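Everything below concerns the one structure shown next.
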Amino acid sequence: MLDHWRLRRRVALLAADALAGDDRSRVRAHVEACVRCRAEHDATSAVLDLLREDPLRPDVLRAELPVSLPVLLARVEEGIDRALAGPRVAAATPRGIGRWAALAAALAMGLALPSLLERTNAPDPAGDDPMPEVSAAALNRLERNVAREQTARYLNEAQDVLATVASSPRDCDEAERRVDVEAESRRSRQLLARRALLLDAHEGAVAGAQPVLDDVEQILREVASMEACVRFRDMERLQDEIERRQILMKVRLMQRELLG
Amino acid sequence: MARLSAGDREALGPLMERHQRRVYRIALAYLRDPDDALDAVQETFVKAFLNAARWDGSADAGPWLSRIAVNHAIDRYRRGKRRRATYSPIEEGDHDPHYAAEEPSPERRAISRNLGERIGTALRALPEKQRAVFALRHYDERSLEDIARLLDLPLGTVKSTLHRAILGLRERLAGLSS
């Protein structure tokens, strides 16, 4: 029973034939002994069987390109010529930087909106501004949408960390029953910094998400303060907390709500 | 690869011959559209040529190309999201004559197309990372370790992501499998 919750989270992986060695044997033995887990396993297997019927799958496995190699080669050479001839700003921008730049731009937009709002509401000194008028309500809506999207993105990334913590961190010292949470701890610190930025930029705009954000923050703080190779029983305590407070489910529902 | 990084285009042919199917498989699994997948293959090799100097020199260029392909597929999907094209592998007039003798009945084709659409919709509803992990596992039959290397993720994250992807698909395909 002690390991039930931990093993239960691996039942889907067993059904997907994604476990090996002792891990596989342990989960399989548990599934055979646990009625609920067996039902979970059978239901997951049925869906995976259905997914194997996907008409796309044979085409993927066959991997026959719809054009011959010389044609593809000619297309690639054309692409290289185009890239070398034209500006390559977009291609040269690493994805990570692009993502942060987009976030920074969105945040800047969020921060700039209140002043934009003031400017829109203020009387025009010249009296003949040719710019089209944007209503305060429209700007409010825009600000709210930016805030909701950023909060949903934040929750999505936090969910990744929490899901790893709640399911299967790697062992770092099997004899001492310790698990590796170095990456999750680092990620939690980064997310907490992001959370502070979100609060500064959009205080009040996503008030409905506040309880979930607080729950997530509390768990992230605990993960962030953990040492890299933490005792499994400490991790188990945190896993129970996540399970008991149904945080992952709340995060998923809140994401859906935020994104409409 | 050394020749490629020196700008030798002659080296492209052998490299593409060796890896084109692997790259196409990844792109098709993620994008679910043969034309988009072909474009992604093309872009992957263009990028490989332009960035050959960045290759870390490991013996096999396959994993490096696969990683470019995965990133390209994700980027391409983001760009084309609005189109939301649905892959239908058995469109009218799109048959290989080799398979003519095994051509399915109209009913079977309709069922198959419907199933493909339902699965495509369910997969598109997954978050990017879950979708990438699931596609690499289910369609490309990669090991979890391989997926972790390709996506630059810890193995534990790959496991939890796959777990969540399967549960998400189960939720979205509820009713079809029973």
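With respect to A:Val60, is the statement that it is buried (at least 18 other Cβ atoms within 10 Å of the Cβ) and away from chain B (no Cβ under 12 Å) true? No, not satisfied. Only residues that are among the aromatic types (Phe, Trp, Tyr) and at pLDDT 90 or above were counted in region B:94-146, giving 1. Annotation: of all residues in region B:47-60 being at pLDDT below 80 and not in a helix (DSSP H, G or I), the one that is surrounded by the most Cβ atoms within 10 Å (Cβ to Cβ) is B:Trp55. Annotation: of all residues in region A:28-42 being modelled with pLDDT of 90 or more and either within 20 Å of B:Glu141 (Cβ to Cβ) or within 12 Å of another protein chain (Cβ to nearest Cβ) (or both), the one that is surrounded by the fewest Cβ atoms within 10 Å (Cβ to Cβ) is A:Asp42.
Looking at B:Leu136, B:Leu150, just one residue is farther than 21 Å from A:Asp54 by Cα, more than 7 Å from chain A (Cβ to nearest Cβ) and surrounded by 19 or more Cβ atoms within 10 Å (Cβ to Cβ), and that residue is B:Leu150. Residues in region A:192-200 include at least one that is within 17 Å of the chain's Cα centre (by Cα) and at pLDDT 80 or above.
The values are calculated or read from the model by the stated rules, or taken from the named source; none is laboratory data. None of these values were measured; they are calculated from a predicted model. Because the Cβ atoms are built from the backbone with ideal geometry, glycine has one as well, and the counts that use them run over all protein chains shown.
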